[in-house]
Amino acid sequence: MGRTVTEKQEIVADLKQILSEAQLALVIDYKGLSVAQITDLRNRLRETGSSCKITKNTFMRKAVEGNETWEAMQEFLSGSSAFIFAQDDFGAAIKAYQAFQKDSKKTELRGGVMEGRALSIDEVKAITELPTKEELMAKIAGVINSIPTKLAVGTKAVPTKLAVGIKEVPASLVRVVKAVSEKEDSADAA
């Protein structure tokens, strides 16, 4: 017995909800994977805050229709499709999929969609080379931390040099007075 119209509408609504929360979607061909392997992929993706959904291309086509952000996905909808949805850490999700793909050797990445743009396989792989959110925050924190340190070192150097300069004035004055008196003494002696 097939699905009712209401059930189909619920599936499409569920897909729309998932898409509204995702920032990146990957489309893979999962042909030849066992249930255990799909479960393994889902577990790996769950650790990165991502998810994997297997659904009919027709349902996904209806879910992305009219949505500028995801409409580009339609070019990847053919054959047996699984969809990986990443919310935050794209690089970790893609790396988790690549590790699974390396282990199973059965899936094929068709492409991805991000911010309304279809991504080729090379573009998806390039995302993994970007620094993670944590790495970027650490770099920014390091730069912000270095500013007060440099300011403190510079501020400390000003009074130190001023003190050396002030200390040098009497010593210079003594040398000048001594030089003048020696000059007068030598002029008197001559």
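The values are calculated or read from the model by the stated rules, or taken from the named source; none is laboratory data. On a predicted model such as this, the values are computed, not experimentally measured, just so you know. Here the Cβ positions follow ideal geometry from the backbone for every residue, glycine too, while neighbour counts run over all protein chains shown. These accessible areas exclude ligands, DNA and RNA; they are computed on the full protein's heavy atoms, side chains included. Shrake-Rupley method; radii C 1.70, N 1.55, O 1.52, S 1.80 Å.
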Q: Give the residue that is most open to solvent (accessible area, probe 1.4 Å), with candidates limited to residues of the range 70-101 that are under 20 Å from GLU115 (Cα atoms) and out of contact with any Ser or Thr (no Cβ under 9 Å at 6 or more places or on another chain).
A: GLU75
Q: Taking only the range 5-33 into account, find how many residues are over 19 Å from ALA93 (Cα atoms), among the acidic types (Asp, Glu) and open to solvent by 90 Å² or more (accessible area, probe 1.4 Å).
A: 1
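Take THR69 and tell me if it is under 10 Å from ALA25 (Cβ atoms), among the hydroxyl-bearing types (Ser, Thr, Tyr) and touching a Leu at 6+ places or on another chain (Cβ under 8 Å).
Details: under 10 Å from ALA25 (Cβ atoms): yes; among the hydroxyl-bearing types (Ser, Thr, Tyr): yes; touching a Leu at 6+ places or on another chain (Cβ under 8 Å): yes.
So THR69 fits the description; yes.
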(Q) I'm trying to understand the selection: among the residues of the range 35-47, which are open to solvent by less than 50 Å² (accessible area, probe 1.4 Å) and farther than 11 Å from ILE84 by Cα? (A) GLN37, ILE38
Q | Residue ranges of strands (runs of 3 or more DSSP E) in the range 54-153 with at least 3 members in the same structural domain as LYS31 (by the TED database) and within 19 Å of ARG44 (Cα to Cα) | A | 81-86, 108-114
Q. Filtering the range 10-33 down to residues that are touching a residue at least 60 places away in the same chain (Cβ under 8 Å) and part of a helix (DSSP H, G or I), which residue is nearest to ALA118 (Cα to Cα)?
A. LEU19
